[in-house]
Amino acid sequence: MPAAQTASYYGTVTKTFHWLTALLMLTVIPLGIVANQLPYETNEQLAFKAQLFSIHKTLGVVIFVVALARIAWALTRRKPGHLHPDRKAETTLADTVHWLLYASLVAVPLTGWIHHAATSGFAPILLPIGQSLPLVPKSEALSETFATLHWIWSKIMVAAILLHVAGALKHHFVDKDATLRRMWFGKADSPVTLPHHGNLIAPVAAFAIFGLATGAGAAAGLFSHEARSTTATLAQVSSEWAVTDGAIEITVTQLGSPVTGRFADWTAAISFDPDATGTAGDVTTTVSIGSLTLGSVTNQAMGADFFNADAFPTAVFDATIIEDTGAYRAEGTLTIKDNSLPVTLPFDLTIDGDTAKMRGTVTLDRRDFTIGQSMDDETNLAFGVAVDITVTATRSQN
């Protein structure tokens with residue numbers, strides 16, 4: 001079995017790269033299809049789905065590395081020429097398919113990896129490389145964009161694989177030549193060929209296919225990330241203190257890792273006397289549940305077993321602001337999914353003239369609000385949910 005590669009036959013390293021890539025692809029593609037279709041309504045179902053997705057993602061990273069190594073190796077070696085160079089259309093099609101394969105072997109895993117790095121939660125990559133990528137921020141819009149590219153380009157990859165296999169079988173069973181045999185291990189009875197000479201038509205055609213597929217996806221609206229229909233539009237509120245900045249964030253622990261999300265739409269009607277002691281005011285905060293982004297589990301969080309945003313589009317915290325020797329807390333009732341429970345939110349407060357800034361944290365038990373009842377233990381989803389609130393408000397001059 002020759003390790004070297006010539007203009008007539010492939011070397012051992014090239015063959016190993018080829019069949020290793022084939023084995024990885026025949027594993028990762030079915031894994032992704034099956035994992036996508038699996039339900040996740042119970043602890044066991046979610047754990048199994050996450051495990052398959054973790055393996056799928058991990059193999060994707062391995063394929064990306066192997067593809068780069070394979071391309072680097074190919075660039076430094078002569079490639080055997082076509083056995084039928086006189087068949088111009090056939091050889092151009094074969095070269096185009098090879099360009100599609102090489103490009104997709106890099107682009108598809110990379111887009112999946114960026115999608116994973118830009119979001120948080122769900123299924124981790126099972127390699128000691130961390131879950132983030134340099135220069136890739138946590139961004140739901142970025143994550144969704146690359147998820148869409150991953151989906152579109154994976155279809156090109158599958159089509160190229162099918163064409164590649166069909167071509168190999170055609171050569172082996174119809175033409176009965178050595179095309180397939182010379183890629184298998186051992187010495188193939190292959191005729192001497194001239195070195196492979198590519199042309200610009202194949203790479204241009206391949207990248208044009210990627211461009212056309214991406215453009216078609218854009219025209220079909222696959223890249224439009226519109227607000228979910230379950231998002232409640234909140235009316236403006238009149239308030240003694242008008243909120244000028246702030247955030248309401250929640251952090252859940254899923255599969256042992258924290259996942260932080262944020263509600264984009266909420267209102268707060270605040271009445272507050274900074275000079276008062278004891279009862280110092282009151283606040284009513286209304287949150288649009290559908291405005292939550294929570295990493296890769298956002299859609300799951302909107303489901304009936306969790307926030308059930310279709311039936312319960314808002315949550316409300318109605319509380320009294322209490323000052324106690326310089327310390328502040330909001331004592332009141334939090335209503336989620338028609339479950340109303342007493343909640344106390346301690347917070348820090350700084351006041352500069354007519355501007356007040358507060359920061360508070362409270363941990364809630366999701367079970368108290370019938371959230372995630374199918375997750376009846378903490379194997380996949382912890383019971384405690386941290387809520388972090390920051391508000392900057394200015395006093396009205398009326």
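Since every read-out is calculated from the coordinates, none of them should be taken as a lab result. It should be emphasised that the depicted structure is a prediction, and the values quoted were computed from it without experimental measurement. All Cβ positions, even for glycine, are placed from backbone atoms using ideal geometry, and neighbour counts span all protein chains on display.
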Across 10 Å bins from 0, what is the distribution of all Cα-Cα pair distances for the chain, in whole percents? 4, 18, 23, 18, 14, 10, 7, 4, 2, 0
Taking the Cα centre of the chain as origin and charging only Cβ (+1 Lys, Arg; -1 Asp, Glu), how large is the dipole, in debye to the nearest 20? 3300
Can you work out D for the stretch 208-291 in µm² s⁻¹ from Stokes-Einstein, where Rh is the Kirkwood radius over C-alpha pairs, the temperature is 10 °C and the viscosity is 1.306 mPa s? 94
So what is log10(I(q)/I(0)) for the stretch 237-384 at q = 0.11, 0.19, 0.21, 0.22 1/Å, when the Debye sum runs over its Cα atoms only? -0.46, -1.20, -1.39, -1.48
CD proxy at 222 nm, helix term only [per DSSP H run n ≥ 4: -39500 (n - 2.57); per residue of the chain; nearest 500]: -13000 deg cm²/dmol
Once label points are set 7 Å from the Cα along Cα→Cβ at both Asp354 and Leu133, what is their separation, rounded to one decimal in nm? 4.8
List the lysines whose Cα lies under 24 Å from the Cα of Lys15, skipping any in the same chain that are fewer than 8 positions away. Lys79, Lys170, Lys176, Lys187
Looking at the stretch 1-135, what % of the alpha carbon pairs are farther apart than 25 Å? 40
Within the chain, which complete DSSP H helices have Cα atoms spanning at least 30 Å along the helix axis and a mean Kyte-Doolittle hydropathy of -1.0 or higher? 12-37, 43-75, 88-118, 140-169
How would you rank 88-100, 203-215, highest first, on the average number of other Cβ atoms within 10 Å across their residues? 88-100, 203-215
With label points set 7 Å from each Cα along the Cα-to-Cβ direction at Val316 and Ala159, the distance between them in nm comes to 5.3
Suppose we look only past 13 Å in the calculated P(r) of the stretch 292-340. What percent of the Cα-Cα pairs does that tail hold? 65
Radius, Kirkwood style, for the stretch 12-219 when every pair of distinct Cα atoms is counted (Å): 18.8
Which lysines does Lys357 reach when only Cα atoms under 17 Å apart count, and residues fewer than 8 places away in its own chain are ignored? none
Which listed pairs, of Lys57/Lys155; Lys57/Lys337; Lys49/Lys155, have C-alpha distances above 25 Å, in listed order: Lys57/Lys337
State, to one decimal in nm, how far the label point of Ala220 lies from the label point of Arg181, with both points 7 Å from Cα in the Cβ direction. 4.2
May I ask you to order 289-297, 30-38, 369-377 by the average number of other C-beta atoms within 10 Å around their residues, highest value first? 289-297, 369-377, 30-38
